[in-house]
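Note sheet for the following structure.
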Amino acid sequence: MAESVIRLADVRRYYVMGDFVVKALDGVTVDIKRGEFTSIMGPSGSGKSTMMNLIGCLDTPTSGLIDIDGENTAGLNETELAYIRNRKVGFIFQQFNLLGKLTALDNVIVPLLYAGLSVHERKAKAIQALERVGLTDRLYHRPNELSGGQKQRVAIARALVNDPTILLADEPTGALDSKTGNQIMELFEELNSEGRTVIFVTHDRELGMRCHRQIRIRDGKLEE
Ligand SMILES: Nc1ncnc2c1ncn2[C@@H]1O[C@H](COP(=O)(O)OP(=O)(O)OP(=O)(O)O)[C@@H](O)[C@H]1O
Ligand SMILES: [Mg+2]
């Protein structure tokens, strides 16, 4: 049995809105093994992004425990959480979240700025990541000079550049047509077969069923 890379134990994320509490995540326990390719599906507002943000250490739970790659994140300070976020997790979003004024190459260099590398090393690593996603001929294009699928490839290269164990993709094909979405799915399948643990939020049942494992969520609770 492969080792666990992500463990959530009775995780809750509540938002207090005046005298009203939104239970965005309401007691989630899940164990994801190294190398798994898991989809998360569920209606809008069910807690999918909340769960991704917690796994990616972009947010902390109201209660419950989260282990990432063998580390209990509850004991960690902000610097240590940032380290996990930067080194162990690569994030990909529906709207790409690229910096509009930067070229594809410079967007991919951003996560390397704090890695203590020389300018040359950063550039070489970023080019390698862009090569991995098939974009060597678009290094100096800005986001508005790229197609949707190409923008998502740049975002994937940016997520890959620090060689993370875990890739978290929150509706990565949501803004793409089905043919382009399919190509992006194929890229995730390749990245998973190279050993990366992938979590893929989608509203597309067909894409979700292509993942090895499906997690369904409703009103902040799992219904696997
Ligand atoms: N910062 C916040 N403050 C208050 N409530 C929030 C906050 N963020 C999310 N929520 C609420 O938590 C619930 C879960 O939101 P979440 O974004 O995780 O849903 P989702 O499953 O990703 O939905 P979608 O498919 O539309 O992206 C929703 O009811 C939402 O309104
Ligand atoms: Mg969401």
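What follows is calculated from the coordinates using simple rules that are stated; it is not laboratory data. Just so it is clear, the model here is predicted, and its values are computed rather than measured. Note that each Cβ is placed from the backbone with ideal geometry, even for glycine, and that neighbours are counted across all protein chains shown.
So, how do all the Cα-to-Cα distances of the stretch 1-54 break down into 10 Å bins, in percent, from 0 on up?
21, 47, 24, 7, 1
Report, in debye and to the nearest 20, how large the dipole of the chain comes out about its Cα centre when Lys and Arg carry +1 and Asp and Glu carry -1 on their Cβ.
Numbers: 28 positive and 30 negative charges, 83 e Å.
It comes to approximately 400 debye.
Please name which of N192, L146, C211 has its Cα lying farthest along the dipole of the stretch 78-224 towards the positive end, using unit charges on Cβ (Lys, Arg +1; Asp, Glu -1) and the Cα centre as origin.
The residue sitting most towards the positive pole is L146.
Picking from G47, V89, L102, whose Cα lies most toward the positive end of the charge dipole for the stretch 1-108 (charges on Cβ: Lys, Arg +1; Asp, Glu -1)?
L102
Given the Cα-Cα distance of F20 and E80 and 0.36 nm per residue of separation, how much length would full extension add, in nm?
18.4 nm
Could you work out how much longer the chain between S147 and D219 gets when fully extended? Use 0.36 nm per residue separation minus the Cα distance between them, nm to one decimal.
Taking S147 through D219 to full extension adds about 22.4 nm, to one decimal.
Sort 209-217, 104-112 by packing, meaning the average of other beta carbons within 10 Å per residue, with the highest value first.
Order by mean packing, descending: 104-112, 209-217.
So, in nm, how far is label A115 from label T60 when the simple model puts each one 7 Å beyond its Cα toward the Cβ?
Label-label distance for A115 and T60, simple model: 2.7 nm.
First obtain the Kirkwood hydrodynamic radius of the chain from its Cα pairs, then insert it into the Stokes-Einstein equation at 4 °C and 1.567 mPa s, and state the resulting D in µm² per second as a whole number.
The calculation lands on 72 µm²/s.
Any of K33/K151; K125/K151; K151/K179; K125/K179 with alpha carbons more than 23 Å apart? Name them for me.
Details: K33/K151 29 Å; K125/K151 18 Å; K151/K179 15 Å; K125/K179 29 Å.
Table pairs above 23 Å Cα-Cα are K33/K151; K125/K179.
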